Amino acid sequence: MTPTPIVDASHYVRDAPTAELSKSVGQPYSFKFLYFPIHAAGSCSRELLGYGKDKFAFEILSPANWGEEKPKTPFHCMPVLYIKTKDGKDLVLSEASVIEHYLAKHMNLLGDNEYEELLIKSFHSSSTMFQGGFASNVTWCPPEVQPQTLAYFKANTFPTWIKTHTKHLLDNGDNGHYIGNKLSLADIRTANAIEHLSVQPCADELMDIIKKAPSLMKVRETVANDPKIAAWRASKEYQTLTSNSKAFFLNPMKFMGPPKI
Ligand SMILES: N[C@@H](CCC(=O)N[C@@H](CS)C(=O)NCC(=O)O)C(=O)O
């Protein structure tokens, strides 16, 4: 299949008053999502897109030639979300958390009021940092020090995340959700952090730890059992991303090109 060309989004759209652009971005018609063909930092947005599939069309763009496409993105990195609005505008968003907040808002996954939204964004931020911490401290550290950084992660970062998130989940009644009795961005982000651990070469030892955290396991199950998310995860596209992710994390350095300025 010929990859869809990536439009030049090195600059954010500013050709109309921001009030007009704000109205447009609030009325999305369809999305294109650009990220590597692995889960990693693209998993939560793709899950949100899969969740909203009945309302919006979406297409996943894998960069065929990242080196050439890179300067066409706002910060020369992915993920990037291309939005076609109902009034015909083409807008772009970047930065994983911004994209996730935006998609969650349009899929009613930010709670019922501002306080719920703030808590959901706090849980989301913490789980994003948790996954990002694993990536920067374990995945991308030199192989010769990885045993030590993994040991530190298992002894410090991981138990702290489990302990604090369990406390907040218990405060909500230990029902598989962070807020009330309904799915939110926080549930999806945390579930994706757990799925991220499950595709690592050291998945067995990491999953042995998380399996002893029943409140977090309940979030994982609740998200996995959501019918729309289950349908996305059953898709060939999702399963290919899972096998690509497992292959990638076996030796991430192998996929790095020479440094580019
Ligand atoms: N601050 C960005 C970081 C994104 C980022 O680091 N993306 C990496 C992949 S996870 C990337 O595009 N790497 C390719 C490159 O830098 O050439 C965000 O949160 O979205």
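The values are calculated or read from the model by the stated rules, or taken from the named source; none is laboratory data. All values reported here derive from a predicted model rather than from experimental measurement. Quick reminder, even Gly has a Cβ in these numbers, built from the backbone with ideal geometry, and neighbours come from all protein chains shown.
Please pick out the residue among GLU59, GLU47 that is buried (at least 23 other Cβ atoms within 10 Å of the Cβ), acidic (Asp, Glu), in contact with a Phe, Trp or Tyr (Cβ under 9 Å, 6 or more places away or on another chain) and outside the structural domain of GLN131 (by TED's automatic domain parsing).
None of the others qualify; the one that does is GLU47.
Anything in the range 197-242 that is in contact (Cβ under 8 Å) with a residue 40 or more places away in the chain and part of a loop (DSSP other than H, G, I, E, B)? List them, or say none.
If the condition is that a residue be in contact (Cβ under 8 Å) with a residue 40 or more places away in the chain and part of a loop (DSSP other than H, G, I, E, B), then VAL199, GLN200, PRO201, CYS202, ALA213, ASP226, SER235 are the ones that fit.
Assess whether ASN137 counts as being surrounded by 14 or more Cβ atoms within 10 Å (Cβ to Cβ) and either farther than 28 Å from LYS23 by Cβ or without any contact (Cβ under 8 Å) to a residue 12 or more places away in the chain (or both).
yes
Got a number for residues in the range 140-182 being surrounded by 17 or more Cβ atoms within 10 Å (Cβ to Cβ) and of a type in the set (D, E, K, R)?
0
Looking at PHE255, PHE248 in this structure, which one is of a type in the set (Phe, Trp, Tyr), at negative phi and loosely packed, with under 12 Cβ neighbours inside 10 Å?
The conditions single out PHE255.
Confirm whether ILE188 is part of a helix (DSSP H, G or I), touching a Leu at 6+ places or on another chain (Cβ under 7 Å) and under 21 Å from GLU47 (Cα atoms).
The answer is yes for ILE188.
Collect the residues in the range 199-219 that are buried (at least 17 other Cβ atoms within 10 Å of the Cβ) and within 23 Å of LYS246 (Cα to Cα), keeping them in residue-number order.
Listed by number, the residues that qualify are VAL199, GLN200, LEU206, ILE210, LEU216, VAL219.
Which fully enclosed helices (runs of 4 or more DSSP H) of the range 4-116 have 2 or more residues being closer than 24 Å to PHE249 by Cα and more than 13 Å from the ligand (Cβ to nearest atom)?
The helices (runs of 4 or more DSSP H) meeting that bar are 43-51.
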